Amino acid sequence: PSVSCVHDRTFRCGGTGIRSRGVTAEGSIRVVVGEDNFLMREAIGSLLETTEGVELVATCGDLDSLRAAIEAEQPDVVLTDIRMPPGNRDEGIRVARELRKTHPSVGVVVLTQHAEPGYAAVLFDGGSEGRAYLLKESLKDRAELVRALRTVVEGGSVVDPHVVERLLDSQRHREDAGLAKLTPRELEILALIAEG
């Protein structure tokens, strides 16, 4: 769908809508939100609109409108879910990867219900700078979200502790699986190597 800009800075994209707010106050973090769930998108939008130091510049319900809003608004941070139309697979992660090349200074905060270590690994594959992976269910308050936004703007990274736990469990499982393939003699040699 095409994006049309009217004088009051409202963008409309099909039925999903990009809603763009006015010019940012100096020093505010400019945020574009990508969330396909209407109620969640509205809740996040309302929260950010009333947060000091944050300027919500657009909310988007699908991948195409999210890309269009990023190009039109040049945000500091994209706050996105992982899955959204058209494919409902990994669109938020794909946008984060694209931004590494096209807009490397734009931070990305993935706010999702999916604690899958694979998604987090792909998000951080090109580096952890300016990236965050948070779970909706464990986000405690507005301050925690704002800290994540500020951290990625400053080039840092944030990972939800539950996701870190799942990543470590996944790593341990792979290591255990690798050891399980060794013969008794190979295990003996490995133990001798460990002893020096």
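The values are calculated or read from the model by the stated rules, or taken from the named source; none is laboratory data. Predicted model only: the values in this text are computed from it and were never measured. We place every Cβ from the backbone using ideal geometry, glycine too, and count neighbours over all the protein chains shown. Note: areas computed on protein heavy atoms with side chains; ligands, DNA, RNA excluded. Shrake-Rupley method; radii C 1.70, N 1.55, O 1.52, S 1.80 Å.
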Would the range 64-72 turn up any residue that is acidic (Asp, Glu), in contact (Cβ under 8 Å) with a residue 60 or more places away in the chain and surrounded by fewer than 21 Cβ atoms within 10 Å (Cβ to Cβ)?
-> yes
Filtering the range 100-138 down to residues that are of a type in the set (A, V, I, L, M) and in contact with a strand residue (DSSP E or B) (Cβ under 7 Å, 6 or more places away or on another chain) yields Val106, Val108, Val109, Val110, Leu111, Ala115, Ala120, Leu123, Ala132, Leu134, Leu135
Taking Arg41 as meeting all but one of (1) open to solvent by less than 30 Å² (accessible area, probe 1.4 Å); (2) within 23 Å of Ser157 (Cβ to Cβ), write down the number of the exception.
-> (2)
Within the range 47-58, identify whether any single residue is surrounded by fewer than 24 Cβ atoms within 10 Å (Cβ to Cβ), over 19 Å from Gly130 (Cα atoms) and of a type in the set (Ser, Thr, Tyr), and answer yes or no.
-> yes
Can you name every residue in the range 144-158 that is open to solvent by 50 Å² or more (accessible area, probe 1.4 Å) and part of a strand (DSSP E or B)?
-> Ser157
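Tell me which residues, restricted to the range 48-63, are under 22 Å from Glu91 (Cβ atoms) and assigned to a helix (DSSP H, G or I). Don't jump to the end; show me each part of the working.
Step one: of the range 48-63, the residues under 22 Å from Glu91 (Cβ atoms) are 48, 56-63.
Leu48, Leu63, listed by residue number.
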Which residue pairs have Cβ atoms closer than 7 Å, lie 6 or more positions apart in sequence or on different chains, and pair a first residue in the range 114-126 that is within 17 Å of Glu35 (Cα to Cα) and of a type in the set (S, T, N, Q) with a second residue that is assigned to a loop (DSSP other than H, G, I, E, B) and modelled with pLDDT of 85 or more?
-> none
